[in-house]
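One structure is given here, and the rest of the page talks about it.
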Amino acid sequence: MGKKVTLDANGVYYKQLNEQIREAVRNGAEEIELLNVRGQRYIGNSIDKPIRFIVNGVPGQDMAAFMRGAYIRVEGNAQDGVANTMDDGEIEINGMAGDVLGYGMRGGRVMVKQDVGYRVGIHMKAYMDKSPVIVAGGKAGDFLGEYMAGGAIILLGMDSTMPVEAPITGRSLGTGMHGGVIYIRGDVPEYQLGPGLSFHPLEDEDIAFIRKHVEDWAKAFGKDAEEVMAGTFRKVKPFSKRPYGNMYVGTN
């Protein structure tokens, strides 16, 4: 194991904490453990080295924004904006995550043990040879995959803090989606789909893709991958790459 640095975030303002992180990176740290994190923002932003972060506590908004290649493990929940425009890397959240997770995400993977909030995966896109992936073990709020242009979201609906009767995902699933794919374990009423979306049968490559990420998710959070895979998955894709094209182009 390379050089490890431990930083205590108790009572430290977010700007000072992030400066301490940058200083540790400049000094060659390969693993950084943060203790007593309580809402400090922007942790791991723009890190472009394969550094390993262990975050104990609840990181604040926009953790791992613009990150390119680091690994972050959060032992707790995470606030809004995780992986904003992230290019590459791996994030594991051993709890819940807030709204707008993966906004504009262009690569890498985010795995969440439990529920995620609203507008998760909005504007996700494949970028060059990269294709982002979000795996959430619980349920999601409204507008999951809104304006999604690439990548994949896997929603398991299993490890949730929401009531059993609560739907797996909220309203307007995939509104404006024109690329990528959403896999949902369980039943989703068709009326919850955004305009221009439909369910598609799973093919062999879909099952292999889901299994790969489910096995990693199960390993990360101590779950049974076979129990997850025993469920029924539904595949959501748009029928057009320009779902609202007729709203802006004349029909003359």
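The values are calculated or read from the model by the stated rules, or taken from the named source; none is laboratory data. Keep in mind that this is a model prediction, so the values were computed, not measured. A quick note on method: Cβ atoms are made from the backbone with ideal geometry, for glycine too, and the neighbour counts reach across all protein chains shown. Just the protein is used for accessible areas: all its heavy atoms, side chains included, with ligands, DNA and RNA removed. Shrake-Rupley method; radii C 1.70, N 1.55, O 1.52, S 1.80 Å.
The one condition from (1) out of contact with any helix residue (DSSP H, G or I) (no Cβ under 6 Å at 6 or more places or on another chain); (2) under 17 Å from GLY60 (Cα atoms) that GLU92 does not meet is (1). Summed over region 43-62, residues that are open to solvent by 50 Å² or more (accessible area, probe 1.4 Å) and farther than 18 Å from MET111 by Cβ total 4.
Exactly one residue among LYS49, LYS4 is of a type in the set (Lys, Arg), at pLDDT below 95, on the phi < 0 side of the Ramachandran plot and touching a Lys or Arg at 6+ places or on another chain (Cβ under 9 Å), and that residue is LYS49.
For region 63-92, the tally of residues that are touching an Asp or Glu at 6+ places or on another chain (Cβ under 8 Å) and either assigned to a loop (DSSP other than H, G, I, E, B) or over 15 Å from ARG109 (Cβ atoms) (or both) stands at 6. Filtered by the rule that a residue be more than 21 Å from SER46 (Cβ to Cβ) and aliphatic (A, V, I, L, M), region 112-125 gives VAL112, VAL116, VAL120.
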